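The values are calculated or read from the model by the stated rules, or taken from the named source; none is laboratory data. As the structure is a computational prediction, the values presented were derived from the model and not from experiment. Every residue, glycine as well, gets a Cβ built from its backbone with ideal geometry; the counts of neighbours run over all protein chains shown. Heads up: the accessible areas ignore ligands, DNA and RNA and are worked out on the full protein's heavy atoms, side chains in. Shrake-Rupley method; radii C 1.70, N 1.55, O 1.52, S 1.80 Å.
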Amino acid sequence: MAIDDILSIQLYSLRFLNDREKELDAVQAAGIKLVEAVQGHLDDAAGFKAKLDARGLQAPSCHVSMEALESRLDWIVEGARTVGFTHLYMPAVPNEQRVQDAAGWQRTGAALAVAADKLGKEGLSLGYHNHDWELKALDDGRIPLEVLFEAAPDLGWQADVAWLARGGADPLNWLDRYKDRLTAIHVKDIAPAGQNLDEDGWCDVGSGTMNWSRLWGQCLQYPVALMVLEHDKPKDGARFAKASADFLRTL
């Protein structure tokens with residue numbers, strides 16, 4: 001599979017450019033052809049699609065909030081049809097819902113299961129994007145991500161391998177365990193200890209402690225549709241996009 005067919009970038013990583021046109025220009029300059037949108041792009045879905053088309057870009061995936069999934073599902077579907085999304089991901093459980101009991105995570109999983117079923121009938125897939133807090137043991141000793149997936153049998157997974165590593169896990173063990181749920185992987189890197197503190201310890205892919213020279217090929221053994229570059233707090237999003245894409249093209 002050619003890298004251009006699978007490599008995307010989460011536009012959240014370019015938000016500090018403070019201009020939607022500049023974000024997409026940076027993607028184009030990095031030679032990336034796919035982007036992952038955020039919910040705000042749905043506020044003007046037609047305008048966003050026009051900006052993508054003008055640059056020869058496509059957006060096969062988008063992050064959408066729990067609130068929108070529960071109260072504005074028709075709006076999400078309409079936006080997905082306008083832009084061309086096929087994969088939707090809930091990026092994070094809201095702070096107030098990050099309870100430390102299994103029942104809370106079961107409720108969240110059940111709500112996502114309902115949304116996944118409704119979106120599936122519209123030809124759209126729904127997945128969950130992890131951080132590290134889903135790996136912290138609950139009051140009954142279980143792991144939140146396990147509880148979430150148990151409650152939502154048809155929910156997909158956008159695995160963020162760097163967040164799994166930050167949570168103290170072996171990412172490949174988790175990918176193998178839930179490989180049937182995988183539809184996308186977030187490709188990000190962790191700076192060496194004590195470095196890039198102003199970027200929350202993240203760095204350009206290929207310059208950090210995650211062995212992407214090995215991980216890239218291993219991740220592609222799973223049934224993923226998208227490998228999505230992400231940096232949670234880059235000082236220079238355009239630099240991150242180009243440097244990371246250039247590195248991955250050497251693999």
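Quick notes on this one:
- When each of 22/235; 22/121; 51/233; 121/188; 22/188; 33/233 is checked by Cα-Cα distance, pairs over 26 Å: 22/121; 121/188
- Here the dipole of the chain is about 480 debye; that uses its Cα centre as origin and unit charges on the Cβ of Lys and Arg (positive) and Asp and Glu (negative).
- Applying the Karplus relation 6.51 cos²θ - 1.76 cosθ + 1.60 with θ = phi - 60° to region 159-176 yields 3J(HN,Hα) values of 7, 9, 5, 5, 5, 4, 5, 5, x, x, 9, 8, x, 5, 4, 5, 4, 5 Hz, where x marks Gly and Pro.
- Cα point-scatterer Debye curve for region 140-251, base-10 log of I(q)/I(0) at q = 0.12, 0.18, 0.22 Å⁻¹: -0.44, -0.93, -1.24
- Remark: the chain carries 42 Å² of accessible area per residue (probe radius 1.4 Å; ligands, DNA and RNA excluded).
- Positive dipole terminus of region 37-137, leading residue within 84, 127, 73 (C-beta point charges): 84
- In order along region 17-22, phi translates into HN-Hα couplings of 6, 6, 6, 4, 5, 5 Hz, rounded to whole numbers, per the Karplus curve 6.51 cos²θ - 1.76 cosθ + 1.60 with θ = phi - 60° and x for Gly and Pro.
- 5 angstrom amide H check on residue 63, placed H, neighbours 5+ away: 37, 38, 39, 89
- Lys, Arg +1 and Asp, Glu -1 on Cβ, resulting dipole of region 87-233 about Cα centre, debye, nearest 20: 300
- Centre-to-centre separation between the Cα atoms of region 130-165 and those of region 1-72: 26 Å.
- Here the calculated FRET efficiency for residue 150 and residue 72, from their Cβ-Cβ distance with R0 = 22 Å, stands at 0.25, rounded to the nearest 0.05.
- Note on region 88-167: semi-axes of the ellipsoid equivalent to its C-alpha gyration tensor, largest first and rounded to whole Å, are 21, 15, 10.
- Long-range HN-HN contacts of residue 8 with modeled amide H, under 5 Å: 227, 228, 229
- Dipole of the chain, positive end: most advanced residue of 228, 143, 18 [Cβ charges, Cα centre]: 228
- Calculated from the alpha-carbon coordinates, region 154-219 shows an Rg and a Dmax of 12.4, 40 Å respectively.
- Built amide H within the under 5 Å cut-off of residue 160, gap 5+: 130, 186
- Accessible carbon and sulfur surface of the chain relative to its total accessible area, %, 1.4 Å: 48
- Largest mean-square fluctuation among 140, 189, 200, in a Gaussian network model of the chain whose springs join Cα atoms under 10 Å apart, belongs to 140.
- Ranked by the mean number of other Cβ atoms within 10 Å per residue, highest first, peptides 109-117, 63-71 order as 109-117, 63-71.
- Under Karplus coefficients 6.51, -1.76 and 1.60, residue-wise ³J(HN,Hα) of region 229-245 in Hz, glycine/proline x: 5, 8, 9, 6, 7, x, 5, 9, x, 5, 4, 4, 4, 5, 4, 5, 5
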